[in-house]
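For reference, the structure discussed in these notes is given below.
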Amino acid sequence: MTVVEPSPRTAPGFRPALGTALEAIGNTPLVPLLRLTDGLRARILVKLEYFNPTGSYKDRMALAMIEEAEKRGEITPGKTTIVEYTGGSTGSSLSFVCAVKGYALRIVTSDAFSEEKIRTMTSMGAEVVMVPSVGGKITPDLMPRIIDRTRQLAEVAGTYWTDQFNNKDNAVGQRTMGREILAQTGGDVDAFVASVGTAGCAMGVARVLKDHSQDIKVFVVEPSTSAVLSGGEPGTHGIEGIALGFTPPLLDKELYDDVLVIDEGEARDMARRLAVEEGIFAGTSTGANVLAARRVAQEHGGDITIVVPAVDSGLKYISTDLFPRAI
């Protein structure tokens, strides 16, 4: 009997040649934690969003904000300059999308965010405008200053401000993650846990999960040093991309069940443990997500399935003090 080996084209997991690099966005792996769930009856699944082209779930959002604006006839490649403010990953994602589609891009950011993120933007052709921070920290006044500078740039003729905190296309883009989670779990999800920056991810995924079943619980996460969502005061912290000192307009109280407040130091420790114990190399906000998910598992005590996003790659933080340097 002749045994015919499957060709690469028919082998499991084969993906045909893509039309553009944009088609590589999404369809990211969902994997279980192994060691970090010892002693827990719950199953915690991590959506590895760093498999997106720029290493972040923001690729989904950036693509949606540009393509939805194109559908409405609001922007045109080669004629429109895109303007946005960012803590880093949104800028990287927009730089990628704009490079493929042929848009000029002007980004406003700060030295409070990692050098890797900023150099990714400039490497893909974005013009970067820097707003200085105080001591390299995310202070309550930083994002308002960045937004004010962006507003000035957006007044120039021929520009389009994607305005991620107010743009509903943001959450539309993240609904793809929710649909993937349902497909990958067969709909067997009890809870979703996500830290909040723009709230696009938490709300986009929540909409899909809640439409599937109102029994699915959604928890949003913030650090104790700037616990605005849970009624605290804005404060200074070092978790890039979340807790920017105000309640994001996209956050819908009807779509989440509770706010979980975590300690930033513990979140950083968890990010390191994820790398060493699970091989999941991600940033501090991912550490915060897993820390909060473990709390949900401990408080519930039962056989439940909790999903969290691994927001971005640890490679975005090599220049920071998050991960140890070689001695």
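Each value in this text was obtained by applying a stated rule to the coordinates, not by laboratory testing. Keep in mind that what you see is a predicted model, and the values were worked out from it rather than measured. We place every Cβ from the backbone using ideal geometry, glycine too, and count neighbours over all the protein chains shown.
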Just to confirm my numbers, what's the Cα centroid distance between region 100-122 and region 262-327 in Å?
25
Counting trypsin sites (Lys or Arg not before Pro) as exposed when in a DSSP loop with at most 16 other beta carbons within 10 Å, what is the longest stretch of the chain free of them?
169-324
With the Cα gyration tensor of region 216-297 giving a ≥ b ≥ c as the square roots of its eigenvalues, does the rule (a/c under 1.5 for rounded; else a/b larger than b/c for prolate; else oblate) give rounded, prolate or oblate?
oblate
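What is the Cα convex hull volume of the chain when expressed per residue in Å³?
Dividing the Cα hull volume of the chain by its residues yields 171 Å³.
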Computed, not fitted: 222 nm per-residue ellipticity of the chain from DSSP H runs ≥ 4 (each -39500 (n - 2.57)), nearest 500, equal to -10500 deg cm²/dmol
Using the Kirkwood radius built from alpha carbon pairs, what does the Stokes-Einstein equation give as D for region 58-161 at 20 °C and 1.002 mPa s, in µm² per second?
156
Enumerate the lysines that Lys137 could reach by cross-link, defined here as Cα to Cα under 29 Å, with residues fewer than 8 away along the same chain left out.
Lys47, Lys58, Lys117, Lys168, Lys253, Lys316
Just tell me, in residue order, which DSSP H segments of the chain are both 15 angstrom or longer along the helix axis (alpha-carbon based) and at least 1.0 in mean Kyte-Doolittle hydropathy.
none
Scan of the chain for GluC sites (Glu not before Pro) in DSSP loops with at most 14 other beta-carbon atoms within 10 Å gives a longest site-free stretch of 156-327
Most exposed first by the Cβ proxy, i.e. fewest other Cβ within 10 Å, how do Met124, Met130 rank?
Met130, Met124
Chain lengthening between Leu34 and Asp111 when straightened (0.36 nm per residue, less Cα-Cα):
24.1 nm
Determine one quarter of the surface area of the Cα convex hull of region 268-315, which equals its mean projected area, and express it in nm² to one decimal.
3.3
Between the modelled labels at Asp258 and Glu23 (7 Å from Cα along Cα→Cβ) the distance in nm is 4.4
Quick one: of the DSSP bridges fully inside the chain, what percent are antiparallel, nearest 5?
20
